[in-house]
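Novice: First the structure, then my questions, so here it is.
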Amino acid sequence: MLLPQGCSRIITLGPQGTFSDLAAQRILPPSASCHYVRTFAEALLEASERQDTVAVVPIENSVAGTVVPVQDALVRWSLRILGEINVSVRYGLLANVVPENAETLFAHPQAFEQTSDFQAHHLPEARPVFTDSNIDSGVRFLKEVDQPGFSGAAIVPLSFAEQNPDYLKQSDIQDYLNNTTRFLVVGPGQPEPAFDFTRTKTSVFIECSEDRAGLLYELLSVFNRFHINLCRLESRPSKKVPWMYVFYVDFYNSSETPSCLDALAASPFQFRILGSYDSLD
């Protein structure tokens with residue numbers, strides 16, 4: 001995966017051991033260092049402002065769907081997608097009591113959402129306490145575990161759970177065993193980049209000032225005309241006008257990509273290319 005020339009820093013959600021960190025380590029060259037922040041916004045803002053920095057952030061989970069704050073930030077700030085990394089997501093449960101008796105559950109919001117079936121069957125009394133990261137869930141549990149009267153649990157990465165076998169109650173508690181998160185490698189959008197459409201995918205942000213019947217059909221017809229295979233299509237509020245929507249589209253590149261984008265430019269739609277990139281599976 002190509003990182004920008006002069007890139008010496010990769011910034012991602014910490015602390016060490018998060019799924020974001022696992023993704024970042026897969027592209028970390030010997031000449032660069034990894035830095036950790038507490039929120040996706042911090043990572044993306046820094047990547048937008050520094051030419052020597054890229055961010056590794058989750059954009060989509062195969063179970064829970066889109067990570068909306070990351071998707072919106074791609075447009076709000078000057079950012080460019082440089083690549084994607086797919087990471088298998090496996091969770092374990094730490095607890096100091098029988099799970100059914102746990103009163104407190106430390107969990108990151110995404111982990112909480114991706115383990116809802118397990119919670120319904122095994123954690124009926126647990127009150128969720130949301131954390132900044134999956135590792136933070138485990139750290140907070142371990143800090144509380146020896147406190148008098150504490151009966152709790154934590155949803156953590158399976159690798160973290162296996163490092164604490166005394167409290168490991170259940171492995172692979174994710175609702176779907178093929179749970180996968182797609183991470184983006186994101187860098188600054190300036191100076192204005194030239195896009196390489198020989199890469200695997202292209203992502204575009206599309207909007208239209210009109211509001212009439214058939215607009216979505218018209219948009220999809222452009223891609224169909226050039227036999228472009230879409231791999232993701234999502235609408236989001238425009239945030240400019242109530243009840244107006246914009247579209248995020250990911251598609252597989254082909255020799256027709258330049259012609260398709262030319263046709264899109266001649267249509268009623270306005271678009272911005274967010275990146276053309278390869279996937280590291």
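Novice: Inside the range 161-197, can you point out the residues that are farther than 14 Å from residue 274 by Cα, at pLDDT below 95 and hydrophobic (A, V, I, L, M, F, W, C)?
Specialist: 177
Novice: Here is a list: 85, 155. Which entry is closer than 24 Å to residue 185 by Cβ, of a type in the set (A, V, I, L, M, F, W, C) and at pLDDT 95 or above?
Specialist: Working: 155 fails: closer than 24 Å to residue 185 by Cβ.
None of the others qualify; the one that does is 85.
Novice: With within 30 Å of residue 4 (Cα to Cα), under 27 Å from the mean Cα position of the chain (by Cα) and assigned to a helix (DSSP H, G or I) as the only criterion, which of 135, 81 stands out?
Specialist: On the way: 81 fails: assigned to a helix (DSSP H, G or I).
After ruling out the rest, the residue left standing is 135.
Novice: In addition: Inside the range 247-263, can you point out the residues that are touching a residue at least 60 places away in the same chain (Cβ under 8 Å) and aliphatic (A, V, I, L, M)?
Specialist: Taking the range 247-263 first, the residues touching a residue at least 60 places away in the same chain (Cβ under 8 Å) are 248, 257-258.
Across the range 247-263, there are no qualifying residues.
Novice: Which number in (1) in a loop (DSSP other than H, G, I, E, B); (2) assigned by TED's automatic domain parsing to the domain that holds residue 11; (3) surrounded by fewer than 19 Cβ atoms within 10 Å (Cβ to Cβ) marks the one condition that residue 27 misses?
Specialist: (3)
Novice: Next question, about the same structure. Taking the stated definitions as given, is residue 183 under 30 Å from residue 257 (Cα atoms) and not in a strand (DSSP E or B)?
Specialist: On the way: under 30 Å from residue 257 (Cα atoms): yes; not in a strand (DSSP E or B): no.
The answer is no for residue 183.
Novice: Okay, next question. When you go through 130, 106 one by one, which is the residue that is within 19 Å of residue 39 (Cβ to Cβ) and surrounded by fewer than 15 Cβ atoms within 10 Å (Cβ to Cβ)?
Specialist: Values: 106 fails: surrounded by fewer than 15 Cβ atoms within 10 Å (Cβ to Cβ).
The conditions single out 130.
Novice: Give the range 207-226 a look and list any residue that's under 30 Å from residue 63 (Cβ atoms) and either surrounded by fewer than 19 Cβ atoms within 10 Å (Cβ to Cβ) or touching a Lys or Arg at 6+ places or on another chain (Cβ under 7 Å) (or both), or say none. Even if it seems obvious, please write down each step before you answer.
Specialist: Taking the range 207-226 first, the residues under 30 Å from residue 63 (Cβ atoms) are 207, 216-217, 219-220, 223-224.
Selection gives 207, 216, 217, 220, 223, 224.
Novice: Identify, please: which residue in the range 232-281 is of a type in the set (S, T, N, Q) and in a strand (DSSP E or B) and is, among those, farthest from residue 198 (Cα to Cα)? Explain how you work it out, then say what you get.
Specialist: Going residue by residue through the range 232-281, those that are of a type in the set (S, T, N, Q) are 235, 238, 253-255, 257, 259, 267, 270, 276, 279.
Adding the requirement that they be in a strand (DSSP E or B) leaves 235, 270, 276, 279.
On the way: 235: 26, 270: 23, 276: 8, 279: 12 Å.
Selected residue: 235.
Novice: Kindly list, by first and then second residue, each pair from a residue in the range 221-236 that is over 20 Å from residue 69 (Cα atoms) and assigned by TED's automatic domain parsing to the domain that holds residue 269 to a residue that is among the polar types (S, T, N, Q) and at pLDDT below 95, limited to pairs with Cβ atoms under 8 Å and residues at least 6 apart or on different chains.
Specialist: 222/267
Novice: For residues in the range 262-277 being of a type in the set (A, V, I, L, M) and in contact with a helix residue (DSSP H, G or I) (Cβ under 8 Å, 6 or more places away or on another chain), which is surrounded by the most Cβ atoms within 10 Å (Cβ to Cβ)?
Specialist: We begin by selecting, within the range 262-277, every residue of a type in the set (A, V, I, L, M); these are 263-266, 273-274.
This time we only want the ones that are in contact with a helix residue (DSSP H, G or I) (Cβ under 8 Å, 6 or more places away or on another chain), so: 263-264, 273-274.
Details: 263: 15, 264: 20, 273: 16, 274: 23.
Selected residue: 274.
The values are calculated or read from the model by the stated rules, or taken from the named source; none is laboratory data. Keep in mind the model is a prediction, meaning the values are calculated, not measured. Here the Cβ is made from the backbone with ideal geometry for all residues, glycine too, and neighbour counts use every protein chain on show.
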